[in-house]
1. Can you go through 141, 150 and tell me which one is more than 14 Å from ligand 2 (Cβ to nearest atom), without any contact (Cβ under 8 Å) to a residue 40 or more places away in the chain, more than 26 Å from residue 115 (Cβ to Cβ) and touching a helix residue (DSSP H, G or I) at 6+ places or on another chain (Cβ under 6 Å)?
2. Within segment 216-233, does at least one residue satisfy the condition of being on the phi < 0 side of the Ramachandran plot, surrounded by 15 or more Cβ atoms within 10 Å (Cβ to Cβ) and in contact with a strand residue (DSSP E or B) (Cβ under 8 Å, 6 or more places away or on another chain)?
3. Determine which single condition residue 184 fails, assuming it passes every other condition in (1) outside any helix (DSSP H, G or I); (2) more than 13 Å from ligand 1 (Cβ to nearest atom); (3) under 28 Å from residue 203 (Cβ atoms); (4) in contact with a strand residue (DSSP E or B) (Cβ under 7 Å, 6 or more places away or on another chain).
4. For the list (1) modelled with pLDDT under 90; (2) farther than 30 Å from residue 232 by Cα; (3) in contact with a helix residue (DSSP H, G or I) (Cβ under 8 Å, 6 or more places away or on another chain), I need the number of the one condition that residue 86 fails.
5. Across segment 249-260, what is the number of residues that are touching a strand residue (DSSP E or B) at 6+ places or on another chain (Cβ under 9 Å), at negative phi and within 12 Å of ligand 1 (Cβ to nearest atom)?
6. Could you list all residues from segment 200-223 that are more than 9 Å from ligand 1 (Cβ to nearest atom) and over 15 Å from residue 254 (Cβ atoms)?
7. Restricting to strands (runs of 3 or more DSSP E) lying wholly in segment 193-271: which have 3 or more residues that are within 23 Å of residue 155 (Cβ to Cβ) and within 12 Å of ligand 2 (Cβ to nearest atom)?
Ligand SMILES: Nc1ncnc2c1ncn2[C@@H]1O[C@H](COP(=O)(O)OP(=O)(O)OP(=O)(O)O)[C@@H](O)[C@H]1O
Ligand SMILES: [Mg+2]
């Protein structure tokens with residue numbers, strides 16, 4: 001508590017008494033401490049982010065060399081290696097290529113956190129259509145029923161939001177691959193007076209008991225043999241959404257599809 005004492009005078013300048021103004025400033029101190037802690041945490045995060053970015057970046061060159069020399073061995077020394085030796089080298093190459101993909105995904109994830117954010121009004125329905133048509137273009141023989149609610153606008157960075165949409169629709173597309181009558185949907189719903197957008201599919205689904213794992217980097221609930229991937233897409237979505245002052249969460253049931261919800265600028269929707 002801070003106490004301010006001051007003399008109080010009448011209009012002729014004669015002292016009338018002492019006024020005591022007591023003000024509880026503990027909550028202000030607490031706010032200042034919280035802000036200082038948050039700034040320190042932000043700085044530490046930025047440092048960690050740029051550290052992992054440069055480590056990931058520098059790992060690429062030696063990895064390329066492992067892959068390249070293994071290839072040279074396979075091609076130029078094939079007759080000196082027996083079948084087992086060739087198989088081992090092939091495994092080395094596969095692992096190097098897998099690791100290269102993980103590194104590229106890490107770099108992409110890191111870029112999402114580091115890039116500037118330009119906030120404007122975005123036609124989310126158009127972003128959804130664009131994401132689906134990219135997927136259909138790369139996979140023309142797939143027959144997926146697509147339902148996109150029209151005219152859904154949101155605030156955000158169009159480039160970053162497009163990355164989030166590519167990942168959400170990419171997942172919906174991928175996890176419905178084994179479903180006849182595959183369906184993918186984009187829409188908007190009100191939950192507890194909060195407006196949430198959603199991407200829904202009727203694909204493989206997942207076990208809600210592990211739903212907290214979904215958004216962690218390199219965490220997957222399906223085997224690569226069943227559905228390909230490195231497990232970085234939803235971590236990317238989470239970073240993008242939280243940079244937009246929003247949340248992302250999921251509902252699903254094994255073999256009954258999944259719905260991914262997200263909000264944008266939940267605290268100041270009209271700002
Ligand atoms: N639409 C979905 N239906 C069922 N499971 C999903 C869906 N989307 C994500 N998941 C589960 O969450 C995991 C993490 O998703 P995420 O997008 O991060 O990784 P991925 O798709 O496996 O790989 P990547 O996106 O890096 O190519 C997936 O492996 C899957 O187990
Ligand atoms: Mg994915």
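The values are calculated or read from the model by the stated rules, or taken from the named source; none is laboratory data. Model, not experiment: these values are computed from the prediction. We place every Cβ from the backbone using ideal geometry, glycine too, and count neighbours over all the protein chains shown.
1. Checking each option against the conditions leaves just 150.
2. no
3. The single condition residue 184 does not satisfy is (2).
4. (1)
5. Residues flagged as touching a strand residue (DSSP E or B) at 6+ places or on another chain (Cβ under 9 Å), at negative phi and within 12 Å of ligand 1 (Cβ to nearest atom) within segment 249-260 amount to 6.
6. Selection gives 212 alone.
7. none
Table: residues versus (1) within 25 Å of residue 202 (Cα to Cα); (2) part of a loop (DSSP other than H, G, I, E, B).
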site: 112; (1), (2): no, no
site: 116; (1), (2): no, yes
site: 131; (1), (2): yes, no
site: 136; (1), (2): yes, no
site: 146; (1), (2): yes, no
site: 151; (1), (2): yes, yes
